[in-house]
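Worksheet: the structure to be examined is printed underneath.
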């Protein structure tokens, strides 16, 4: 048997193995929901799991995301930026991009601030915020000359500084929460309830927004739009 | 076969498609894209498992954290959802980094053929150059 068919056989075995596994009993879910809502004290249980019961995991995840965005910047820093970028010039598309950016920015704020009460949370808010900034970047890059190399560099450094401050603050607050130091609990379902969870959500939103924006900015700057 | 097993089979076939693409494609760029197919399929597997117990989004309504255990049975399981949420973000950032590494490699060898990239530098297309 050739090595390649052996590869495919191994892939089939790995992919279909979960079908043979017995599934756990579903009746355990009711007790789990009750226990989680009493532990985390926030209505959105997914946010509660992410930022309270599995916070240790989330800290590592935030660190990995930061390392990836640092890696993108580092790998592209040896390249030459594009001299000029072919931007969009269709007026209808530009208006739609601006409208989309405004909507996405508003959605990002809503998702970050109320992520523990309704669907949302830091990651979703960060992706919405990153989309808003990326859409603005697409609109701007079609107009006028590009900002000078130094201006972009300074801008990028400032963004990275804020992003890293947000990450460090997130880690410090997460360790306070892991050590059991908690804010007053507040009323269930109120904006200022749930201990550190709303603050951690907002910090995560800032970090993911700036991180994804840095990546998109570097890609457009060094690879062009189209 | 229950409906859950049937859906699980479909999702696992998508996982398999990604894995086979990852193993069989010779082009590095297509390998990276096949990896993304696998990761998306695994995410849907987790969503499917979370929805096995119930379909209601695990967001409570009302002013108290107390849940009626009977009503709680209809909620989806929040743990797999939270676990896979981190995997989505990690997947995005790893994908960005991998695609960047691939484009950097493409400036050395535009075909991105894995067998050619594995050859030692001296035998490559830029033999003798720094």
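Per-structure values
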| quantity | calculated |
| --- | --- |
| Mean Cβ neighbour count within 10 Å, used as a protection proxy, ranking A:197-207, A:213-223, B:3-13 highest first | A:197-207, A:213-223, B:3-13 |
| Between helix A:197-223 and chain A: long-axis angle, C-alpha atoms, 0 to 90°, nearest 10 | 30 degrees |
| Rounded tilt (10° steps) of A:29-40 against the dominant C-alpha axis of chain A | 70 degrees |
| Relative contact order, percent, the stretch A:3-223 [alpha-carbon distance under 8 Å, six or more residues apart] | 29 percent |
| Inter-chain Cβ neighbour average for residues A:60-72, partner chain, 10 Å | 4 |
| Distance from the stretch A:111-132 to the stretch B:18-93 (C-alpha centre basis), Å | 18 Å |
| For the protein assembly as shown, average projected area of the Cα convex hull in nm² | 22.9 nm² |
| Packing-based order for A:5-18, B:70-83, A:125-138, using average beta carbon neighbours within 10 Å, highest first | A:125-138, B:70-83, A:5-18 |
| Most mobile listed residue (A:140, A:21, A:39) in chain A, GNM with C-alpha springs under 10 Å | A:21 |
| On Cα atoms only, tilt of B:3-24 relative to the major axis of chain B in degrees | 10 degrees |
| Residue B:111 versus residue A:75: modelled label distance in nm, points set 7 Å from Cα along the beta carbon direction | 2.3 nm |
| Shielding of B:51-64 by partner chains, average beta-carbon count, 10 Å | 5 |
| Sum of -39500 (n - 2.57) over DSSP H runs of 4+, divided by residues of chain A (222 nm, nearest 500) | -23000 deg cm²/dmol |
| Estimated [θ] at 222 nm from DSSP helical runs (n ≥ 4, -39500 (n - 2.57)) normalised by residues in chain B, nearest 500 | -21500 deg cm²/dmol |
| The stretch A:96-226 - percent relative contact order, Cα under 8 Å, separation 6 or more | 36 percent |
| Inter-centroid distance (Cα atoms) of the stretch A:1-40 relative to the stretch A:140-219, Å | 34 Å |
| Length-normalised contact order of chain B in % [C-alpha pairs under 8 Å, at least 6 apart] | 25 percent |
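Coordinate-derived values only; no laboratory data. All values reported here derive from a predicted model rather than from experimental measurement. Neighbour counts run over all protein chains shown; Cβ positions are idealised from the backbone, glycine included.
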